[in-house]
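Have a look at the structure below, then the notes.
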Ligand code: FES
Ligand code: FES
């Protein structure tokens, strides 16, 4: 056991945990943020995707120690009122079915759009390939990413 | 209004949590399910035989109870919509609450694509009854004829004067009224919700992390568990040593438990810890000795060889019309082929899990992703030996169901662990547990025969299914002398007019548990059936779609599906060399869908799936956009089962364990999908969740044949190596 100070969604958390405990379980069970999901535990499905300093990472294989001193963002920290262009586009296109993979999908999509505000289909393929959706919402995910790019272009905000 | 015999007002109030005046409308299922009686429950304050479907409080708060768990199939919208439409309230005026098995309502489960088609008339009548009572209450108060009043957006209006009054203010009066005998249903042309692509109310919760799935349940004082079970099916526990496991920081206890799945009982050892990570570490440190009982000799390759041998036997007759044997014997042109499909795992995105609390008074409360509150009550009661009334299920959003969550093995086991620990416990399966431990979709092999006459017309047809049986793996009393209906579903019900058809079933035993998997056996039988029809068309030298139409001289929904497919897929427009398209349709208990798949043979020889055109026939549609989503999803799941890893058993255990070796489709492999809906009314309402799946594999393989000349008779295939 060791003490860690984590900054999640701009809030700081004092955590007592085994240094090897993956960030996924720290975020879910110790910080109580349940939006980040467990799907495989071996970096294959993307359900546990979070941002570390803005970059998408698989929290199921990152030990808690890797999160200290970094800015951690989870699905709960993407916006205050679900009004991030990606969330809006996801609602417009009615993307989620069961919804279980969608936190991870959205985290990957937000990271993609941050770097590439107008992605091509090929860029979407590359960025989103790590996220499995068992319900098969891929066609809508693609549409929603294009739609989010449009929504963002129509807004005055500079970055995603 | 009939008073139900047993009334327990206190219990009822506890269930609904109501105080103050309210107006409650429900259905009694004390009679046969076919003739439910709609009841005003406001005063009788129901017993367990009653369901309050609509609760309107004097504050104006409207609650609609939803008995169909949401697992991605859209019942969070489509079921309340049936009531809301007739009640004349808009979706955003309504709170939706899942039922928790409060009453003994049949149908507190979702499966078989039956939620909407099974509730369509019944729930609309519940809504219409409440609306008529509210209108009556208002017209009585205003002393005007009820005919001069109408309802809209949770208010009753008096047309001549323009006065209006909210439902909340009518609660008191409406609750004293008789339920109308024949409530008048709305004319569909006036629908505001049904038949429209309404946004699903669960979607906003699923884009910000707020949707609560079973795995997200939090109960005060809760501990976590990970459970070790034998990977070899049928293994018995010899001994275990938990001394190292107990040394792991955070591990509290190691307890024995049992996983009960139908007739199968599997011993298990639970590591209970402060947190899930500690439980996992403890599990790694646990040492267990299993006695495999010889089951480690089992492997898929040998079993499949056995199925091929069994294919030569006669089996039992599932269908017999005309004289197949005579017609086949004398047919100038004969075709025979054996088709083979694999075992697959459900692999719901949310792994199995359950939080259970066995309390001192033998009451068991569970928080779980399951396909029905009714399933939890029934299974827990049977397995744990406590009355159903002692079981309180909380059904949360399911991160996928696909038939896996029609079982409750994970819940009964969690309850036992809670009992042994004396604390609420959350059990989470690893992905490896989830993929390796079943139950699985069974494989089916199909021995096909057809006899054609000299001008290519089919005169004899046979589909013989050789397979393990879902029910035999779960039920001790399986009757081997009868053709298993669920293992032969659909093969005798297609609209093809074969003058002589004899379908057979050959039962093959297996000790591994099997379960329904989205679209059940149609998910494999359609592949054999519809690829073989294609073989017959090729033999007859006919276009595959026209050949099918030629076998359907009578009008039918299936024929309309094919005609629509022909149009929307531009079937008659030739494709360039190296590209091909294939068609398939399949009708079964859940519904009817046809698809055309287009593929390209790339320069490196790999097959790319370009487009899928789908036509689904529903009769009546509740939410077109959701139907499209479901068909898109069915297509993806059908594609995964056709072109990705199946489950292969070696030494008695599944070789596949996680998404690295039990691969799923990824976004870069997604074809363009276009879905068309046929909903031209009529008496039949067909299902939505499953029918999109069965046609995919045969349409794909028929397209590969068109593009390459190669017939696929065994799944899965590797699209890179055709
Ligand atoms: S849970 Fe982390 S990638 Fe699957
Ligand atoms: S929406 Fe169910 S897994 Fe993606």
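The values are calculated or read from the model by the stated rules, or taken from the named source; none is laboratory data. All values derive from a computational prediction rather than experimental measurement. Using ideal geometry, Cβ is built from the backbone for each residue, glycine included, and neighbour counts are taken over all protein chains shown.
Could you count how many residues in segment B:382-437 are away from ligand 1 (no atom under 16 Å from the Cβ) and outside any loop (DSSP other than H, G, I, E, B)?
Within segment B:382-437, residues that are away from ligand 1 (no atom under 16 Å from the Cβ) and outside any loop (DSSP other than H, G, I, E, B) number 32.
So residue A:43 clears everything in (1) within 20 Å of residue B:399 (Cα to Cα); (2) buried (at least 22 other Cβ atoms within 10 Å of the Cβ); (3) within 11 Å of chain B (Cβ to nearest Cβ) except one condition, right? Which one?
All conditions are met except number (2).
The conditions are (1) without any contact (Cβ under 8 Å) to a residue 40 or more places away in the chain; (2) in a loop (DSSP other than H, G, I, E, B); (3) facing chain A (nearest Cβ under 10 Å), and residue B:710 fails exactly one of them. Which is it?
Residue B:710 satisfies all of (1) without any contact (Cβ under 8 Å) to a residue 40 or more places away in the chain; (2) in a loop (DSSP other than H, G, I, E, B); (3) facing chain A (nearest Cβ under 10 Å) except (3).
Return the residues of segment B:54-80 that are farther than 19 Å from residue B:376 by Cβ and in a strand (DSSP E or B); say none if nothing qualifies.
B:54, B:55, B:56, B:57, B:62, B:63, B:64
Could you check segment B:455-555 for helices (runs of 4 or more DSSP H) lying wholly inside it with 1 or more residues that are within 23 Å of residue B:440 (Cβ to Cβ)?
Correct list: B:470-474, B:522-540.
Inspect all residues belonging to segment B:336-359 and state whether any of them is away from chain A (no Cβ under 14 Å) and without any contact (Cβ under 8 Å) to a residue 40 or more places away in the chain.
yes
How many of the residues in segment B:473-488 are buried (at least 21 other Cβ atoms within 10 Å of the Cβ) and in contact with a helix residue (DSSP H, G or I) (Cβ under 6 Å, 6 or more places away or on another chain)?
Total meeting the criteria: 0.
Within segment A:89-109, take every residue that is more than 16 Å from ligand 1 (Cβ to nearest atom), farther than 19 Å from residue B:398 by Cα and buried (at least 24 other Cβ atoms within 10 Å of the Cβ) and give me the one that is nearest to the other protein chains (Cβ to nearest Cβ).
Ranking the qualifying residues of segment A:89-109, first place goes to A:90.
Could you tell me whether any residue of segment B:653-662 is within 11 Å of chain A (Cβ to nearest Cβ) and under 23 Å from residue A:143 (Cα atoms)?
No, segment B:653-662 contains no residue that is within 11 Å of chain A (Cβ to nearest Cβ) and under 23 Å from residue A:143 (Cα atoms).
How many of the residues making up segment A:23-39 are more than 21 Å from residue A:110 (Cβ to Cβ) and facing another protein chain (nearest Cβ under 7 Å)?
The total comes to 2.
Is it true that residue B:201 is closer than 30 Å to residue B:69 by Cβ, within 34 Å of the chain's Cα centre (by Cα) and loosely packed, with under 14 Cβ neighbours inside 10 Å?
When the stated conditions are applied, residue B:201 does not pass them.
When you go through A:137, A:74 one by one, which is the residue that is within 16 Å of ligand 1 (Cβ to nearest atom) and at the interface with another protein chain (Cβ under 8 Å from one of its Cβ atoms)?
A:74
Please state which of the following conditions residue A:83 fails to meet, knowing it meets all the rest: (1) touching a strand residue (DSSP E or B) at 6+ places or on another chain (Cβ under 9 Å); (2) free of Cβ contacts under 8 Å to residues at least 24 places away in the same chain; (3) more than 7 Å from chain B (Cβ to nearest Cβ).
Result: residue A:83 passes all but (1).
Surrounded by 17 or more Cβ atoms within 10 Å (Cβ to Cβ), away from ligand 1 (no atom under 16 Å from the Cβ) and within 14 Å of chain A (Cβ to nearest Cβ) - does that describe any residue in segment B:317-324?
Within segment B:317-324, none of the residues are surrounded by 17 or more Cβ atoms within 10 Å (Cβ to Cβ), away from ligand 1 (no atom under 16 Å from the Cβ) and within 14 Å of chain A (Cβ to nearest Cβ).
Of everything in segment A:54-71, what is more than 16 Å from ligand 1 (Cβ to nearest atom) and under 15 Å from residue A:114 (Cα atoms)? Give them in sequence order.
A:54
Residues of segment B:210-238 being surrounded by 22 or more Cβ atoms within 10 Å (Cβ to Cβ), within 13 Å of another protein chain (Cβ to nearest Cβ) and not in a strand (DSSP E or B), which ones?
B:211, B:214, B:215, B:216, listed by residue number.
When segment B:166-195 is examined, which residues are found to be surrounded by fewer than 16 Cβ atoms within 10 Å (Cβ to Cβ), in contact (Cβ under 8 Å) with a residue 40 or more places away in the chain and under 17 Å from residue B:129 (Cβ atoms)?
The answer is B:176, B:178, B:184, B:185.
Which residue, of A:108, A:59, is touching a strand residue (DSSP E or B) at 6+ places or on another chain (Cβ under 8 Å), away from ligand 2 (no atom under 15 Å from the Cβ) and modelled with pLDDT of 95 or more?
Result of the check over A:108, A:59: A:59.
How many residues are more than 7 Å from chain B (Cβ to nearest Cβ) and surrounded by 24 or more Cβ atoms within 10 Å (Cβ to Cβ) if we restrict to segment A:141-154?
3
Only one residue in B:397, B:461 is in contact with a strand residue (DSSP E or B) (Cβ under 9 Å, 6 or more places away or on another chain) and assigned by TED's automatic domain parsing to the domain that holds residue B:371, so which one is that?
B:397
Do we have any residue at all in segment A:58-65 that's facing chain B (nearest Cβ under 7 Å) and either surrounded by fewer than 16 Cβ atoms within 10 Å (Cβ to Cβ) or under 14 Å from the mean Cα position of the chain (by Cα) (or both)?
Checked against the condition, which is being facing chain B (nearest Cβ under 7 Å) and either surrounded by fewer than 16 Cβ atoms within 10 Å (Cβ to Cβ) or under 14 Å from the mean Cα position of the chain (by Cα) (or both), segment A:58-65 yields no hits at all.
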